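Here the structure comes first, spelled out in structure tokens, and everything after it is commentary.
The values are calculated or read from the model by the stated rules, or taken from the named source; none is laboratory data. Nothing here was measured: the structure is a model prediction, and the numbers come from that model. Methodologically, a virtual Cβ is constructed for each residue, glycine included, from the backbone with ideal geometry; neighbour enumeration extends over all protein chains shown.
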Amino acid sequence: MSRLSEAHLLNLHRVLSDEDILGVMVFTLDGQHCLYANKLGRELIEISNGTDLDKIEVKCLFPDKVRPEFRALNPDLLLNEGLYQDVVIRKQTGTTFIANLGIKKIHLENLDCVALMFQDITVQKKLQRDITAKQIEIKAAFEELLKQNQQLKELDLAKNRFIALTTHELRTPLSAMVASAEILTLGLYDDEVQRKEFTDMIYDQGQHLVALVNDILDFAKIQAGKMDLFVTQTDLAALAAHLTENFVGMAETSKITISCRPHPTPCLCYFDDLRMKQVFSNIVTNAIKYNREGGQVEIWVDDTDANFVKLFVKDTGRGIAPEEKEKVFNEFETLGKVALHHKGTGLGMPITKRLMEGMGGTIQLDSVPEVGSTFWIEVPKAKVLNPELYRARPESADDLAA
């Protein structure tokens, strides 16, 4: 077997070093002179052709700034042999790259030196970072999907409860109307007094049925984004005082005292007059229905806020538990047991919330169980909506059920 001569062996080592997949640079131990750099080492550090390696100091490879997740090539690192990951090395052009770095101290006759062996992993790190970001994004999307799926299940159950409740609410007045009409048709009444009672029954139940249908239609309009608004500047205090008078009879029937504090000056703000009547009716009706016998409903307007006029409705009812407050304004939710449910679809407050938002305002709630609740609306004093909405309502648009 033939053996390589020392010259051939030295040439082989030189070729292998130049074609190595690692960049290699050798410095004197004090770091002031570069003794050797293989082909890949020169390419990674971007040493131009003709550059005198002896003039390159190891400190030229030290970066100025490094992100916390990486470590910089520095004098302390050069003191210890070993393998290091995610080390930032500076190029001759001033840019940097991320490397896996090996440090080896070498003794050559009377010369001590240190060898740096490095592999550029900048691209891999970027890909890894991108993959990690995508994994986080996919995980967040999956968790959001699970959350939405749970919400859809809850919404589906709530809709089923709502449909059952609404069907019951619609069937009750219809049954009473049909039964009363049948009695009148067959003449099964004793006298005119009894005939009038059945006629009044049909009328009252018909009015209740119209109110139910109006709630459902209004809600459908809002959901479809087809609720037209006609916003003008109006005195909210005067409107509240006037509308309160309409609920005196209902309050007296329920043995409730209702009052509206007079306001000394006009409280001008922007709202749709017809929709505000609907909002006021929903809030005050609930304040009466869910009150206790002998209770009170107090209404007042506050004009001290710079941006809003506030209308308060305070009752002395059974109140609402903190965990139930969100359900008050939630579509398809009804507080408490169905057996305790008052007449209606339960859509009054969700519709009120949507109407107030549509007019640029809000509705708020504060409640203490067994003490009472205070609802208040905030109506903007300035024009905050699309300019097209600030217009007078045509006479033909005054019918809510149309």
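Values as computed for the structure displayed
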{"quantity": "Candidate set from the stretch 13-43 (those that are of a type in the set (Val, Ile, Thr) and either surrounded by 17 or more Cβ atoms within 10 Å (Cβ to Cβ) or not assigned by TED's automatic domain parsing to the domain that holds ASP54 (or both)); member that is nearest to ILE106 (Cα to Cα)", "calculated": "VAL26"}
{"quantity": "Number of positions in the stretch 257-282 that are in a strand (DSSP E or B) and polar (S, T, N, Q)", "calculated": "2"}
{"quantity": "Number of the condition not met by PRO266 [criteria: (1) surrounded by fewer than 16 Cβ atoms within 10 Å (Cβ to Cβ); (2) out of contact with any Leu (no Cβ under 9 Å at 6 or more places or on another chain)]", "calculated": "(2)"}
{"quantity": "From the options SER180, SER259, residue that is surrounded by 16 or more Cβ atoms within 10 Å (Cβ to Cβ) and not hydrophobic (A, V, I, L, M, F, W, C)", "calculated": "SER180"}
{"quantity": "Out of ILE106, ILE89, sole residue that is touching a residue at least 24 places away in the same chain (Cβ under 8 Å) and over 18 Å from ASP120 (Cα atoms)", "calculated": "ILE106"}
{"quantity": "Test: residue in the stretch 183-202 that is acidic (Asp, Glu), assigned to a loop (DSSP other than H, G, I, E, B) and under 16 Å from LEU274 (Cβ atoms)", "calculated": "no"}
{"quantity": "Residues being under 24 Å from ARG129 (Cα atoms), buried (at least 16 other Cβ atoms within 10 Å of the Cβ) and of a type outside the set (S, T, N, Q) - total across the stretch 92-111", "calculated": "5"}
{"quantity": "When residues of the stretch 243-256 are limited to those that are surrounded by 13 or more Cβ atoms within 10 Å (Cβ to Cβ) and part of a helix (DSSP H, G or I), the one modelled with the lowest pLDDT", "calculated": "MET250"}
{"quantity": "Filtered residues of the stretch 257-281 (kept if in contact with a Ser or Thr (Cβ under 9 Å, 6 or more places away or on another chain) and more than 30 Å from LEU385 (Cα to Cα))", "calculated": "ILE258, SER259"}
{"quantity": "Strands (runs of 3 or more DSSP E) contained in the stretch 45-147 and holding at least 1 residues in contact with an Asp or Glu (Cβ under 6 Å, 6 or more places away or on another chain)", "calculated": "96-108"}
{"quantity": "Flag for ALA237 being crowded, with 16+ Cβ neighbours inside 10 Å, outside the structural domain of THR304 (by TED's automatic domain parsing) and touching an Asp or Glu at 6+ places or on another chain (Cβ under 9 Å)", "calculated": "no"}
{"quantity": "Pairs, first under 12 Å from LEU40 (Cα atoms) in the stretch 8-19, second not in a helix (DSSP H, G or I), C-beta under 8 Å, six or more apart", "calculated": "SER17/VAL24; SER17/ASN38; ASP18/ASN38"}
{"quantity": "Residue list for the stretch 210-244, restricted to those being under 13 Å from THR285 (Cα atoms) and of a type outside the set (A, V, I, L, M, F, W, C)", "calculated": "THR244"}
